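Let me begin by presenting the structure, written as structure tokens, before commenting on it.
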Amino acid sequence: MIKPERILNYIVTNFEEIRTIYSLEKEYGYITEEQLIAISLKIDTLLDYSIVEEMINETFKMRDIWYALIEGLLDDYSLDMPEQIAKYHSSLSDLYQKLKSSSIKNESIKYAESLAKEVTKFESQLKRNIRKLIEETRDIKANTNKLNYIEKMKRASSITKVYLEPLNIIMKRDADSMLVIIQKVQEEANLRLYNLDDDNMQRIFTKLHNTFSGVEKEIYNENRLLINEVAPLLERIRMESEILAGMNKFLSNPDSYELPMLSSRTNTVFYSTKAKWDAQDIWDGYYDTLEDVIINDSEDISQQWIYREDKYLKQLIENLPIENFYQWVFATLEQELDIVESKPFLQLSKLVFNKNIEVNYTSQRMDIRLEDLTLDAPVVIIERKKHE
């Protein structure tokens with residue numbers, strides 16, 4: 001018997017050639033002797049290592065185990081037809097009935113182990129299909145294949161009818177669903193656990209129960225992905241395509257379609273024809289009326305602080321380099337105002353965004369205590385703009 005390490009080393013060493021064999025079988029369903037010779041691998045070695053097997057029509061095929069391995073390594077899966085997944089309902093039902101009716105220890109062990117393997121295959125194929133469905137719907141949405149609107153709609157509709165709807169039926173809770181048979185196997189495993197004293201049998205049925213319980217949870221999770229992600233995305237693609245395709249068709253020949261009546265513009269007068277005389281009456285009522293005029297003292301506008309960017313930018317540049325910008329802002333305002341509040345401080349701080357200066361933020365921070373609040377400000381160094 002050839003050591004497994006030797007076979008694996010052979011595959012690693014000749015991986016590109018093995019990948020070519022995989023690609024040929026995927027495309028044609030078989031490999032000819034001429035193709036294998038062209039790949040420059042010895043056919044006898046491939047047969048001795050059980051990587052390929054010879055068929056009765058003198059062609060070759062990769063053994064399933066190696067084909068699945070390369071497919072998994074390359075993540076080269078395609079969508080399985082729902083019928084390929086639905087077949088597991090029949091196989092699991094048959095094995096369940098055989099387990100339920102078996103009373104011989106060895107038979108029970110064989111059926112329990114077969115059920116665990118079969119449901120694991122179903123789970124793997126289902127998860128792979130859902131993942132591929134999500135990838136394909138996202139590709140359609142992103143339009144990676146540059147499909148036009150009609151093609152996008154057809155592709156989205158095809159995926160919905162061929163894959164999404166049948167998968168929902170497979171996982172729906174009814175008499176023929178996978179969930180029901182999975183729950184029946186769990187119940188049978190529980191019964192066997194309580195009625196058996198054999199430690200080995202208890203271990204086998206504990207494993208069977210745990211395996212089916214885990215698959216049940218995965219089905220609910222995958223169904224959630226179908227409902228929450230795949231179905232809404234496909235529906236959005238379909239509706240988007242219908243709307244855009246309809247608009248495109250209309251714009252290509254708008255004269256072929258009857259348009260609905262649109263609102264026409266009308267001139268509407270929003271005031272009375274007697275408005276002039278009404279206004280005259282109001283004016284006459286106030287004419288010659290003596291009123292007390294009260295003038296409130298207001299702050300002399302010349303005393304108000306006004307932010308003038310050119311003035312303060314000039315001051316800033318004259319003082320470069322500045323080791324602490326916000327401290328400079330506070331000191332500048334303190335020279336002009338009796339009280340430094342947050343409004344002028346924040347206005348003058350806008351200079352930090354001016355393109356004529358080089359701004360460098362440090363990791364240090366400091367408190368700036370203003371009249372109305374205290375700011376936690378970074379220590380910012382301002383330098384002259386470096387011209388290239």
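The values are calculated or read from the model by the stated rules, or taken from the named source; none is laboratory data. Being a predicted model, the structure only gives us computed values, none of them experimental. Cβ coordinates were reconstructed from backbone atoms using ideal geometry, including for glycine residues, and neighbour counts include every protein chain displayed.
For region 1-36, the set of residues classified as of a type in the set (A, V, I, L, M, F, W, C) and under 15 Å from L47 (Cα atoms) consists of M1, I2, I7, L8, I11, I18, I21, I31, L36, listed by residue number.
Can Y88 be described as part of a loop (DSSP other than H, G, I, E, B), out of contact with any strand residue (DSSP E or B) (no Cβ under 9 Å at 6 or more places or on another chain), under 30 Å from S158 (Cα atoms) and modelled with pLDDT under 90? No, not satisfied. Taken over region 18-36, the residue count meeting the criterion of being within 37 Å of the chain's Cα centre (by Cα) and closer than 17 Å to E53 by Cβ is 8.
Within region 332-354, residues that are closer than 19 Å to D310 by Cα sit with their Cβ atoms under 8 Å from residues that are charged (D, E, K, R) and part of a helix (DSSP H, G or I), at 6+ positions apart or across chains, in these pairs: K350/E309; L351/E309; N354/E309. The lone criterion from (1) modelled with pLDDT under 80; (2) assigned to a helix (DSSP H, G or I); (3) out of contact with any helix residue (DSSP H, G or I) (no Cβ under 7 Å at 6 or more places or on another chain) left unmet by T144 is number (2). Inspect region 300-307 for any residue being hydroxyl-bearing (S, T, Y) and at pLDDT below 75 and give the result as yes or no. For region 300-307, residues hydroxyl-bearing (S, T, Y) and at pLDDT below 75: present. For region 86-100, the count of residues that are more than 43 Å from the chain's Cα centre (by Cα) and assigned by TED's automatic domain parsing to the domain that holds M201 is nonzero.
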